[in-house]
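The values are calculated or read from the model by the stated rules, or taken from the named source; none is laboratory data. Computed from a predicted structure; not experimentally measured. Cβ atoms come from the backbone with ideal geometry, glycine included; neighbour counts cover every protein chain shown. Quick note on the areas: whole protein, heavy atoms, side chains included, nothing else; ligands and nucleic acids left out. Shrake-Rupley method; radii C 1.70, N 1.55, O 1.52, S 1.80 Å.
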Amino acid sequence: MDTIRTEYLEERFKELQSAQTGSALQNWRSEGFKNFSKLGLPTLKNEEWKYTGISRLFTKDYTIPSKKDNVIDRETVDKAAIPGASGMEHLVFVNGKFNKDLSSFQSNDGFEICSLEEAFNGKYHEDAEAYFNKSSLFIKDGIHALNSSFMNESVFIKIRKNYHATKPFYFDHIFDTTSNHLLASPRILVVIEENANVQMIGSYYTHGSMDSFSNEVMEIVVKENARLEYYKIQNDTPNGSHTGTTHIRQVGKSYVHTVNISLNGGMIRNNTDIIMEEQANEAHMYGLYFLKGNTHVDNHTLVDNTKPHCFSNELYKGIIDEHATGVFSGKIYVRPDAQKINAYQSNKNILLSDTGTINTKPQLEIYADDVKCSHGCTVGRLDDEALYYLRARGINKDLAKSMLLKAFAEEIVMQIKIEPLKEYVEVQISDRLQLAD
Amino acid sequence: MLSIKNIHASIDGKQILKGLNLEIKPGEVHAIMGPNGSGKSTLASVLAGREEYEVTEGSVEFEGKNLLELSPEERAKEGLFLAFQYPVEIPGVSTTNFIKAALNEKRKYQGLEPLDAASFLKLLREKAALLELDKSLLSRSLNEGFSGGEKKRNEIFQMAVLDPKLTILDETDSGLDIDALRIVAKGVNTLHNADHSIIVITHYQRLLNYLQPDFVHVLMNGRIVKSGGKELALELEEKGYDFIKEELQESLTA
């Protein structure tokens, strides 16, 4: 068996630090690497990593390019991008690092994009100090610490007060693995000011035949009366593995809507955390993992109700075929002061093969006494009654199955409120199911 | 067109049909009546090809083909239509897309091109009007949130679009108010013709007032124990099934 190697990472870490002398992120990275050295990679004994053997990804050496690399050309960007990208604020990240040259966005008074260093050193100093790296208080594992160790060319985005973005912000992550295995550590901090309204998309694309492991941390702060939609789309090659934390803080009464679509990739772990820090926050979280081959997708969600009158609704659905694995672990915390909250969670799975695996673990931790919470999960096959009904109308068994699976997925897909993105996902699903439209 | 000979069928090892015989000629309307548990719905399921039912003996010939060898979808494409007693709700599949898929599968089977969009919509509108089916139902998920009457009308609507040779109405009248019953019956009567035979499975006489069966059969304990004209249905309505049981008893002891 291949041995797990992480020792070489120290050398890479030193290389990065010496290449970035004077960076405002130096100390953050040092702290990150200290934590990584202490925590190590999570093992299956870690309750939060029980079903996802992430250390398996470390049986190979990864390169971690410390300098800006111009390895990706425009053509590759166009190939990687989701349809409709030209109508978006298109932010391209190459190997985890923001690449302004390949990006195309129209700056205006409504938002600003700069490097995290610039944010720390300049007028966004207060934001950076107040909001950066707070996710490490929730995700206390070596994977998160690894991102902090190697974050580089990270991005700060400010969505200003009252700005209603007409174009979605598209975080287009491209990983170049044409000659080496790659470890990328994208790091993004977004602050959405009062009354602002914004849609964001993240996608991941591995360019090359060697393996990529992208380890992302995205922190989003949502202020009073702001609205965020965040779509994470995973349709990478089997050699593209990913762990990502999307840590959303609702610091003012606000509205958050997330959709996570996972269709292809290697080993994938998504942490989606919503921290409700003000009264009457509202969040809707959706997920669809439709998997085949050996793809492994682990969705960990957290809704942390710290104040009264919050509302959250969560629905994750999985279709597992061939040798794929789906994991769902959904946690709802209700803190002692969070009275009169409503929190709903549901996870539904269809297992299509004998060789697929599903692990689902809903968890409620309630420390307030006047709340409405529910959770439920199902793992099953397609509904035999429905299948028979369609067949009795002359629809072939395979087509009937496909129609029912499409319908099962549709409940999540319809939650995508960006039309070209929704169409893209629908086409991917129809293709998978060999449906005509 | 349909010839059922000595059919025996069971589910979960329990014998339900015990030697049933039935001959149906093109254009005939046959009513099958019988008490609860006599095997009426089992007969419908066996004919439509529900896989949970096992046929242990006997044969069914439909238009010269061995029906029992065909899958449910092949039977449907050969022209058999079962109007379900409990139509299934299928969230996420619109009624229109469902019928389009069913119709195109059948056309493909017959070697025909799929119907073009305009002709399909025209057909849909025409048949929906016949069943007085609100057009908004067609874009909604199949049967989801439909009332009992809407579900049954939707079944007959599907029959109208698919134009089968043999329709089995499995307790289509149950749960229908008198207006819905009238609409359903009108729909069936409009579509019934010399090439379209109908089996009406029912508990009650009232649907038969509209449909005028050529034959009425009484199913008891897995077999047809008495057959007659439409007057038999009236007699059953008046006397219940007991008189048949008594007749059977007498014939056994005689």
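Is there a residue being open to solvent by less than 70 Å² (accessible area, probe 1.4 Å), assigned to a helix (DSSP H, G or I) and basic (Lys, Arg) anywhere in the range A:8-17?
The first filter runs over the range A:8-17 and keeps only residues open to solvent by less than 70 Å² (accessible area, probe 1.4 Å), leaving A:8-9, A:12-13, A:16-17.
If we keep only those that are assigned to a helix (DSSP H, G or I) as well, we get A:8-9, A:12-13, A:16-17.
Then drop every residue that is not basic (Lys, Arg), which leaves A:12.
Looking for residues that are open to solvent by less than 70 Å² (accessible area, probe 1.4 Å), assigned to a helix (DSSP H, G or I) and basic (Lys, Arg), one finds at least one in the range A:8-17, hence yes.
Hey, any hits in the range B:73-96 for a residue that's farther than 28 Å from residue B:184 by Cα and either touching a residue at least 60 places away in the same chain (Cβ under 8 Å) or not aliphatic (A, V, I, L, M) (or both)?
Within the range B:73-96, none of the residues are farther than 28 Å from residue B:184 by Cα and either touching a residue at least 60 places away in the same chain (Cβ under 8 Å) or not aliphatic (A, V, I, L, M) (or both).
Look through the range B:125-154, keep the residues that are closer than 27 Å to residue B:63 by Cβ and either touching an Asp or Glu at 6+ places or on another chain (Cβ under 9 Å) or free of Cβ contacts under 8 Å to residues at least 60 places away in the same chain (or both), and return whichever of them is most open to solvent (accessible area, probe 1.4 Å).
Quick first cut of the range B:125-154, residues closer than 27 Å to residue B:63 by Cβ only: B:126-127, B:130-131, B:152, B:154.
Subset that is either touching an Asp or Glu at 6+ places or on another chain (Cβ under 9 Å) or free of Cβ contacts under 8 Å to residues at least 60 places away in the same chain (or both): B:126-127, B:131, B:152.
On the way: B:126: 96, B:127: 35, B:131: 0, B:152: 10 Å².
Among them, the one singled out is B:126.
Scan (1) buried (at least 19 other Cβ atoms within 10 Å of the Cβ); (2) in a helix (DSSP H, G or I) for the single condition residue B:92 breaks and write down its number.
Unmet condition: (2).
Give the residues of the range A:304-345 that are under 22 Å from residue A:265 (Cβ atoms), touching a Cys at 6+ places or on another chain (Cβ under 9 Å) and among the small types (Gly, Ala, Ser), sorted by residue number.
The answer is A:330, and nothing else.
Name every residue in the range A:391-406 that is open to solvent by less than 10 Å² (accessible area, probe 1.4 Å) and facing another protein chain (nearest Cβ under 7 Å), in order of residue number.
Those that are open to solvent by less than 10 Å² (accessible area, probe 1.4 Å) and facing another protein chain (nearest Cβ under 7 Å): A:392, A:393, A:394, A:395.
Might you check whether a residue that is part of a helix (DSSP H, G or I) and in contact (Cβ under 8 Å) with a residue 40 or more places away in the chain occurs anywhere in the range A:383-406?
Within the range A:383-406 (the criterion being part of a helix (DSSP H, G or I) and in contact (Cβ under 8 Å) with a residue 40 or more places away in the chain), the answer is yes, since at least one residue qualifies.
Please work out if residue A:329 is assigned to a strand (DSSP E or B) and within 17 Å of residue A:243 (Cβ to Cβ).
Values: assigned to a strand (DSSP E or B): yes; within 17 Å of residue A:243 (Cβ to Cβ): yes.
In short, yes.
Out of the range A:414-435, which residues are modelled with pLDDT of 95 or more, in a loop (DSSP other than H, G, I, E, B) and within 19 Å of residue A:293 (Cα to Cα)? Reasoning before the result, please.
So in the range A:414-435, the residues modelled with pLDDT of 95 or more come out as A:414-433.
Going one step further and asking which of them are in a loop (DSSP other than H, G, I, E, B), we end up with A:414-418, A:433.
The answer is A:433, and nothing else.
Is at least one residue of the range B:174-181 β-branched (Val, Ile, Thr) and either in contact with a helix residue (DSSP H, G or I) (Cβ under 6 Å, 6 or more places away or on another chain) or in contact (Cβ under 8 Å) with a residue 24 or more places away in the chain (or both)? Quick ask: steps written out before the conclusion?
Applying the first criterion (β-branched (Val, Ile, Thr)) to the range B:174-181 yields B:178.
So of that shortlist, the ones also either in contact with a helix residue (DSSP H, G or I) (Cβ under 6 Å, 6 or more places away or on another chain) or in contact (Cβ under 8 Å) with a residue 24 or more places away in the chain (or both) come out as none.
The answer is no, given that none of the residues of the range B:174-181 is β-branched (Val, Ile, Thr) and either in contact with a helix residue (DSSP H, G or I) (Cβ under 6 Å, 6 or more places away or on another chain) or in contact (Cβ under 8 Å) with a residue 24 or more places away in the chain (or both).
Scan the range A:97-117 residue by residue and report those that are surrounded by fewer than 18 Cβ atoms within 10 Å (Cβ to Cβ), of a type in the set (Asp, Glu) and over 18 Å from residue A:192 (Cα atoms).
The answer is A:101, and nothing else.
Return the residues of the range B:65-89 that are open to solvent by 20 Å² or more (accessible area, probe 1.4 Å) and more than 10 Å from chain A (Cβ to nearest Cβ); say none if nothing qualifies.
Within the range B:65-89, B:65, B:66, B:68, B:69, B:70, B:85 qualify.
So residue A:293 fits all but one of (1) open to solvent by 10 Å² or more (accessible area, probe 1.4 Å); (2) assigned by TED's automatic domain parsing to the domain that holds residue A:110; (3) in a loop (DSSP other than H, G, I, E, B); what number is the exception?
Only one criterion is unmet by residue A:293, namely (2).
Considering the range A:278-290 alone, what residues qualify as being in contact (Cβ under 8 Å) with a residue 60 or more places away in the chain and either surrounded by fewer than 21 Cβ atoms within 10 Å (Cβ to Cβ) or not aliphatic (A, V, I, L, M) (or both)? Explain how you work it out, then say what you get.
Restricting attention to the range A:278-290, the residues satisfying the condition of being in contact (Cβ under 8 Å) with a residue 60 or more places away in the chain are A:284, A:286-288, A:290.
Residues satisfying the conditions are A:284, A:286, A:287, A:290.
Name every residue in the range B:28-64 that is open to solvent by less than 20 Å² (accessible area, probe 1.4 Å) and either within 12 Å of chain A (Cβ to nearest Cβ) or charged (D, E, K, R) (or both), in order of residue number. Break it down into steps so the answer makes sense when it comes.
At the first step, the residues of the range B:28-64 found to be open to solvent by less than 20 Å² (accessible area, probe 1.4 Å) are B:29-34, B:38-40, B:42-49, B:60, B:62.
The answer is B:40, B:44, B:45, B:47, B:48, B:49.
Mind checking which residues of the range B:97-124 are more than 11 Å from chain A (Cβ to nearest Cβ) and surrounded by fewer than 18 Cβ atoms within 10 Å (Cβ to Cβ)? Write out each step before concluding.
Taking the range B:97-124 and keeping what is more than 11 Å from chain A (Cβ to nearest Cβ), we get B:111-113, B:115-124.
Matches in the range B:97-124: B:111, B:112, B:113, B:115, B:116, B:117, B:118, B:119, B:120, B:121, B:122, B:123.
Restricting to the range A:121-144, count the residues that are of a type outside the set (Gly, Ala, Ser), within 19 Å of residue A:185 (Cα to Cα) and surrounded by 14 or more Cβ atoms within 10 Å (Cβ to Cβ).
First, pick out the residues of the range A:121-144 that are of a type outside the set (Gly, Ala, Ser): A:121, A:123-127, A:129, A:131-134, A:137-141, A:143-144.
After this cut, where a residue has to be within 19 Å of residue A:185 (Cα to Cα) as well, the list is A:131-134, A:137-141, A:143-144.
From the residues that got through so far, the ones that are surrounded by 14 or more Cβ atoms within 10 Å (Cβ to Cβ) too are A:131-134, A:138-139, A:141, A:143-144.
Qualifying residue count, the range A:121-144: 9.
Looking at (1) in contact with a helix residue (DSSP H, G or I) (Cβ under 9 Å, 6 or more places away or on another chain); (2) over 20 Å from residue B:83 (Cβ atoms); (3) of a type outside the set (A, V, I, L, M), which one does residue B:13 not meet, given that it meets all the others?
(1)
Of all residues in the range A:29-72, which are within 30 Å of residue A:330 (Cβ to Cβ) and aromatic (Phe, Trp, Tyr)?
A:36, A:49, A:51, A:58
Report, by residue number, each residue of the range A:246-277 that is among the aliphatic types (A, V, I, L, M) and open to solvent by 10 Å² or more (accessible area, probe 1.4 Å).
At the first step, the residues of the range A:246-277 found to be among the aliphatic types (A, V, I, L, M) are A:248, A:251, A:256, A:259, A:261, A:263, A:267-268, A:274-276.
The answer is A:251, A:267.
Only one of these conditions is not met by residue A:38: (1) touching a Pro at 6+ places or on another chain (Cβ under 9 Å); (2) within 18 Å of residue A:137 (Cβ to Cβ). Which number is it?
Going through (1) touching a Pro at 6+ places or on another chain (Cβ under 9 Å); (2) within 18 Å of residue A:137 (Cβ to Cβ) one by one, residue A:38 breaks only (1).
Taking the stated definitions as given, is residue A:355 modelled with pLDDT of 95 or more, out of contact with any strand residue (DSSP E or B) (no Cβ under 7 Å at 6 or more places or on another chain) and either of a type in the set (Ser, Thr, Tyr) or not in a strand (DSSP E or B) (or both)?
Numbers: modelled with pLDDT of 95 or more: yes; out of contact with any strand residue (DSSP E or B) (no Cβ under 7 Å at 6 or more places or on another chain): yes; either of a type in the set (Ser, Thr, Tyr) or not in a strand (DSSP E or B) (or both): yes.
So residue A:355 fits the description; yes.
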